[in-house]
Amino acid sequence: MRKVDPSNAINSKTPQHKLMGTITPSDLHYERSHAGVPDLDPAKHRLLVHGMTEKSLVLTMDDIKAMPSVSRVAFLECTGNGWENWKTADGNLTVQNTHGLISTHEWTGVPLSFILDLVGKNRRSTWMLAEGGDAAGVARSIPLTDEVMAEAILAYGQNGELLRPAHGFPLRLFIPGWEGNLSIKWLRRLKFGDQPFMTRWETARYTQLLANGKARQFQLVQEINSVITAPSGMMQIKPGHNRITGLAWSGYGKIERVEISTDAGKSWKQAQMNHPILPKAQVRFQMDWNWDGRPTKIVSRSTDDKGNVQPDRKAVIDRMGTNALFHYNAQQTWSIDEKGMVRNVLA
Amino acid sequence: MFSLRALVGSAVVAGFAASAAVASDVGRPATPEEIKLWDIDVRPDGQGLPAGSGTVLQGKKVYEESCAVCHGVNGQNGIKDRLVGGQGTLASSRPIKTVGSYWPYATTLFDYIRRAMPYQAPETLSVDETYAVSAYILSLNGLLPEDGKLDKESLPKVKMPNRDGFIPEPEFRTITNSR
């Protein structure tokens with residue numbers, strides 16, 4: 001199995017195959033940062049809100065915590081989740097390697113809409129720059145759709161405690177269902193404008209290169225997805241009864257159905273879904289299975305309440321090519337050999 | 001007025017609208033001087049670019065002192081992102097994404113260097129040094145002559161080879177909203 005160099009452990013992945021339910025323990029939430037983790041003093045931290053607004057305001061953490069709060073259980077997913085399998089499938093990968101860049105937490109903070117009212121957002125402002133206080137000053141332009149204005153949170157809490165430093169302490173943006181990198185950590189500035197600012201992150205980095213050399217830009221929603229977490233890569237199963245379980249999610253809404261195939265996609269059975277089934281949150285699914293001991297492949301596919309169905313690999317590659325790097329949401333296939341060894345395969 | 005519809009989930013907030021009115025006193029106004037210190041972003045039309053300038057020649061020196069250790073001599077073969085070359089490779093099976101082959105806006109180069117580079121000491125280059133090193137990287141890509149110079153007027157006019165290489169998602173091309 002692949003070893004992680006301890007010096008790289010800050011860029012960690014969630015061990016999906018070792019977890020139960022849907023809430024990721026705070027210590028095991030995946031971590032991705034662009035220039036390390038800053039050591040910020042919450043007493044000194046400030047948020048500047050300006051641009052196309054009636055007022056430009058400087059807010060302290062005390063100011064922000066005095067505002068009305070909301071809490072929401074939702075997933076956060078790195079747009080690179082799944083990228084191991086774009087071109088080839090390494091048979092030695094676990095589900096932590098292939099799908100470890102998603103976690104689900106309860107996030108607590110102030111609704112963005114409250115801040116919009118506070119500063120008097122100009123009606124003509126359609127984009128917002130969110131900027132972090134890390135060494136790279138990571139900044140992304142966020143389209144101010146009604147969905148974003150209604151659902152985004154300026155979060156200071158995760159799973160009932162303050163944000164962890166690696167997750168943006170003392171303040172981060174949280175946009176349910178969208179690319180993780182938009183949920184800017186160590187949030188220091190919100191600027192309202194009427195066009196995208198075209199930062200490095202939304203041009204050179206988080207854009208998806210297609211086979212024809214053009215790139216998709218502002219592909220912001222994390223598409224419908226699912227993965228079987230057991231049996232999964234590098235596990236060994238025995239003939240007879242096995243319980244298949246896994247996680248499904250969609251940045252568009254609520255998971256409506258998860259189906260499982262134990263014959264490489266020839267036939268499908270509906271899996272049981274455990275409550276709660278929340279929009280833009282991971283859902284736990286399971287199914288009983290009697291393995292007859294013959295080599296086979298198992299795969300899951302999910303459907304959400306907006307009618308999105310998780311595509312198979314061929315559909316994803318036909319649409320995106322194999323150079324896109326990000327937004328790989330194809331059905332994950334695990335092959336099982338005659339000894340019961342489970343391996344990562346493309347399809 | 002804060003809208004209750006904005007609250008996802010349900011029972012989270014009794015008395016929420018009432019507290020919104022109180023919160024209009026929250027925070028303090030930002031002064032123009034203060035905003036200037038924080039307001040470092042640069043848009044493709046040049047909005048946000050400061051006064052100052054730098055030449056390719058000056059930029060070569062800045063690059064060799066502060067950038068080459070990671071990005072390599074001439075912007076290639078370094079331990080971090082390649083900055084030069086790759087034009088014509090984007091549709092191949094091994095695309096090489098660099099400033100010259102992939103970045104759509106030259107302004108983004110200034111914005112990114114100013115906020116994030118050098119990696120171990122961001123925001124330490126002067127405005128002139130930032131223009132200069134941007135000019136040098138563009139010249140290495142054949143997008144500025146060796147005696148070239150950049151300032152807030154000329155930088156937005158540099159046409160990047162991949163300017164038209166991006167397809168924004170249809171739903172975000174024109175943003176319409178209700179507030």
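Highest mean first, what order results for A:207-215, B:127-135 on Cβ atoms within 10 Å? Let's see the in-between values first.
On the way: A:207-215: 19.1, B:127-135: 25.4.
Top to bottom by mean Cβ count within 10 Å: B:127-135, A:207-215.
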Task: Directionally averaged projected area (convex hull, Cα atoms, chain A), nm² - done: 17.2
Open item on the list: Going Cα to Cα from B:Lys152, which lysines come in below 18 Å? Please leave out same-chain ones fewer than 8 positions away.
Closed with: B:Lys36
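Under 8 Å for C-alpha pairs, at least 6 residues apart: give me the relative contact order for the range A:26-125, rounded to a whole percent. Kindly include the intermediate steps, with their values, before the conclusion.
Details: 104 pairs, mean separation 35.9, N = 100.
36 percent.
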Task: Relative contact order, percent, chain A [alpha-carbon distance under 8 Å, six or more residues apart] - done: 18
Task: Phi to ³J(HN,Hα) by Karplus 6.51 cos²θ - 1.76 cosθ + 1.60 over the range B:41-47, Hz, x for Gly, Pro - done: 6, 10, 8, x, 7, x, 4
TODO: Past 31 Å, Cα to Cα, is the threshold; run A:Lys55/A:Lys185; A:Lys314/B:Lys157; B:Lys60/B:Lys159 against it and keep the listed order.
DONE: A:Lys314/B:Lys157
Task: Segment A:Lys65-A:Ile23, extension gain: residue separation times 0.36 nm, minus the distance between their alpha carbons - done: 12.7 nm
Open item on the list: Going Cα to Cα from A:Lys266, which aspartates and glutamates come in below 15 Å? Please leave out same-chain ones fewer than 8 positions away.
Closed with: A:Asp312
Task: Two-decimal ratio, the range A:225-345, of alpha-carbon radius of gyration to 2.2 N^0.38 Å - done: 1.05
- [ ] Order by neighbour count: B:Glu171, A:Glu338, A:Glu202, fewest other Cβ atoms within 10 Å first, most last.
- [x] A:Glu338, B:Glu171, A:Glu202
Task: Rounded tilt (10° steps) of B:56-66 against the dominant C-alpha axis of chain B - done: 70
Task: Angle between chain B longest axis and helix B:127-140 axis [Cα atoms, degrees, rounded to 10] - done: 60
Task: 5 angstrom amide H check on B:Val84, placed H, neighbours 5+ away - done: B:Val99
- [ ] Return B:Val73, A:Val37 ranked ascending by Cβ neighbour count within 10 Å, so the fewest neighbours appear first.
- [x] B:Val73, A:Val37
Task: Residue (of A:Phe75, B:Leu83, A:Ser302) at the positive-pole extreme of the protein assembly as shown, dipole from beta-carbon charges - done: A:Ser302
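Would you tell me the mean number of C-beta atoms belonging to other protein chains that fall within 10 Å of each C-beta in B:116-123, as a whole number? Don't skip to the end; give the middle numbers.
Values: counts 11, 3, 0, 5, 3, 1, 5, 2.
For peptide B:116-123, the averaged partner shielding equals 4.
Work out the FRET efficiency for A:Asp318 and B:Ile79 from their Cβ-Cβ distance, taking R0 = 35 Å, and round it to the nearest 0.05. Spell out each step's value before the answer.
Working: r = 36 Å, r/R0 = 1.02.
About 0.50, to the nearest 0.05.
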Open item on the list: Just checking the output field for A:104-115: average partner chain Cβ neighbours within 10 Å of each residue's Cβ?
Closed with: 3
Open item on the list: Can you tell me which of A:Thr79, A:Thr94, A:Thr60 moves the most in a GNM of chain A? Springs connect C-alpha atoms under 10 Å apart.
Closed with: A:Thr60
Task: Karplus 3J(HN,Hα) series, Hz, for the range A:94-108 with 6.51 cos²θ - 1.76 cosθ + 1.60 (x for Gly, Pro) - done: 9, 5, 5, 5, 7, 10, x, 9, 9, 8, 10, 10, 8, 9, 10
TODO: Go ahead and estimate [θ] at 222 nm for chain B from helices alone: -39,500 (n - 2.57) per DSSP H run with n ≥ 4, summed, over the residue count, rounded to 500.
DONE: -8500 deg cm²/dmol
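Quick check: residue separation of A:Trp268 and A:Arg164 times 0.36 nm, minus the Cα distance between them. What number comes out in nm?
Result for the pair: 33.4 nm of gain on full extension.
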Open item on the list: Using only the Cα atoms of chain B, what are the Rg and Dmax in Å?
Closed with: 21.6, 66
Task: Residue (of B:Gly46, B:Leu125, B:Ile167) at the positive-pole extreme of chain B, dipole from beta-carbon charges - done: B:Ile167
Task: Fewest-first sequence of A:Ile153, A:Ile244 by Cβ atoms within 10 Å of each Cβ - done: A:Ile244, A:Ile153
Open item on the list: If I fit a long axis through the Cα atoms of helix B:106-116 and take the longest principal axis of the Cα atoms of chain B, what angle between them do I get, 0 to 90°, rounded to 10?
Closed with: 70
Task: Highest to lowest packing among A:188-196, B:58-66, A:306-314, scored as the average C-beta count within 10 Å - done: A:188-196, B:58-66, A:306-314
TODO: Within a 10 angstrom radius of each residue's Cβ in A:187-200, how many Cβ atoms of other chains show up on average? Whole number is fine.
DONE: 5
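Taken together, the values in this text are just the output of simple stated rules run on the coordinates, not laboratory data. Please read all numbers here as calculations on a predicted model, not as lab measurements. As a convention, Cβ positions derive from the backbone with ideal geometry for all residues, glycine included, and neighbour counts pool all protein chains shown.
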